[in-house]
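Input: a single structure, listed below in structure tokens.
The values are calculated or read from the model by the stated rules, or taken from the named source; none is laboratory data. In this text the structure is predicted, and so the values were computed from the model without any measurement. Note: ideal-geometry Cβ built from the backbone for every residue, glycine included; neighbour counts use all protein chains shown. When the accessible area is computed, the model is the full protein with side chains, heavy atoms only, and any ligands, DNA or RNA have been set aside. Shrake-Rupley method; radii C 1.70, N 1.55, O 1.52, S 1.80 Å.
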Amino acid sequence: MSPAHRPTHPRDRAWVEVDLAAIRRNLDRVREVAGAQVKLVTMVKADGYGLGVRRVLEAIRPAGPFGYGVATLDEGLELLRLGLPEPIMVYTPLPHGSLARCVGAGLIPAVSDLDTLAALGRLAAPPSASRDAIPFQIEVDTGMGRAGFHLGEAATWWPEVMRATRAGLRLFGIFTHLHSADHPELGSARAQVSSFDRLVRDAAGIGPDVLVHCANSAGSLRLVSRTANAVRPGIYLYGGDIGDPANPPRPVAAVRARVVLVREVPPGATLGYGATYAARATERWAAVGIGYGDGLPRVLGNRGWAIAGGSRVPILGRISMDTTVVRVSGDVSVGDIVTFVGRDGEAELSLEEVAESARTIGYEILTGLSSRLPRVRI
């Protein structure tokens with residue numbers, strides 16, 4: 001049944017629907033393309049890319065991933081509270097003052113410079129036969145630039161990494177980030193993979209038990225590394241396009257809200273802060289219970305679309321914190337459901353289309369959805 005005409009729904013204002021089966025199908029597709037022997041490190045940072053980490057784990061955990069990736073210490077601690085036994089890796093560089101909490105909790109930090117390596121080493125000193133070595137990952141900068149040891153200086157820093165592994169630390173993994181794996185032209189991404197592979201082949205001390213990975217979602221489906229034994233899918237799992245027509249993701253998220261007021265207005269009636277819209281004729285306006293306080297991008301005012309009654313309708317005027325107005329026909333009433341991301345009948349607003357209208361990317365649309373919107377599994 002069309003969402004707009006469901007007789008009942010558990011929410012009375014606005015919400016996000018999360019299709020757990022679609023997440024699982026997207027994950028299975030990554031595994032199929034990458035190969036059954038490749039380990040899956042599923043990225044669940046930013047509260048499961050904005051969809052609610054508890055919800056998305058319901059789909060991911062049964063697939064048996066090798067481990068999970070987060071960006072912050074607090075995100076890793078939240079996964080521990082949820083009882084995940086698999087390795088949890090923190091990928092953003094941590095302040096030195098946070099390393100002790102990270103290590104003490106059993107999380108695996110990423111190291112991008114010798115100062116952090118030394119700070120981590122001090123937590124392991126003096127080495128003890130009764131204490132396990134502290135695991136860590138090395139990030140290598142092959143062109144992303146934001147973090148990681150510089151690839152061209154490996155002769156300087158790699159011996160220090162090996163020295164640390166003999167003094168109470170354990171090399172758990174080595175990785176890099178691809179900056180353009182979702183672009184139509186893959187030349188630069190292939191160059192990154194090639195340079196990373198060359199480093200891994202030439203570096204002493206990387207045994208078969210070390211996690212080696214360079215592929216994000218796009219890289220997992222579009223590129224091949226000769227040394228990697230793991231991939232790190234993220235946005236693709238949650239319905240984000242990664243520039244591969246052969247592997248479109250299953251849509252995962254839908255953003256919906258209810259009509260709270262319908263009114264007919266005369267020609268010239270103005271709407272919203274700044275009165276940026278004026279009715280061109282007698283029009284029917286529906287106020288919908290969602291706004292930028294819920295994460296609906298304000299920039300969609302006067303340029304974005306919604307779906308009401310199975311048809312596309314324009315967003316009028318500036319979006320308010322709590323309310324958005326759309327122009328509708330006579331078959332839309334108070335209580336009906338309006339879709340801002342997702343499908344209603346034959347009409348669809350894909351995540352990518354909404355992001356393009358908002359002059360941003362799908363990642364920002366998802367992670368910008370506020371906690372005021374309940375996440376509802378479907």
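Here are a few things to note about the model shown:
- Prolate/oblate/rounded label for segment 1-100 (Cα gyration tensor, a/c 1.5): oblate
- Probe 1.4 Å, protein heavy atoms only - accessible area per residue of segment 284-378 in square angstrom: 42 Å²
- Taking 0.36 nm per residue of separation and subtracting the Cα-Cα distance, full extension of the segment from Ser188 to Arg61 would add 42.4 nm.
- Computed lengthening from Asp12 to Ala147, 0.36 nm per intervening residue step minus Cα-Cα distance: 44.2 nm
- Spin-label model, Ile361/Ala118: points 7 Å from Cα along the beta carbon direction are separated by 3.4 nm.
- Sulfur and carbon atoms: percent of accessible area, the chain [1.4 Å]: 51 percent
- Relative contact order %, the chain, counting alpha carbon pairs below 8 Å whose residues are six or more apart: 19 percent
- Å² of accessible area per residue within segment 151-247, as computed with a 1.4 Å probe and no ligands counted: 41 Å²
- Spin-label pair Val265-Glu352: with each label point 7 Å from Cα along the Cα-Cβ axis, the two points sit 3.4 nm from one another.
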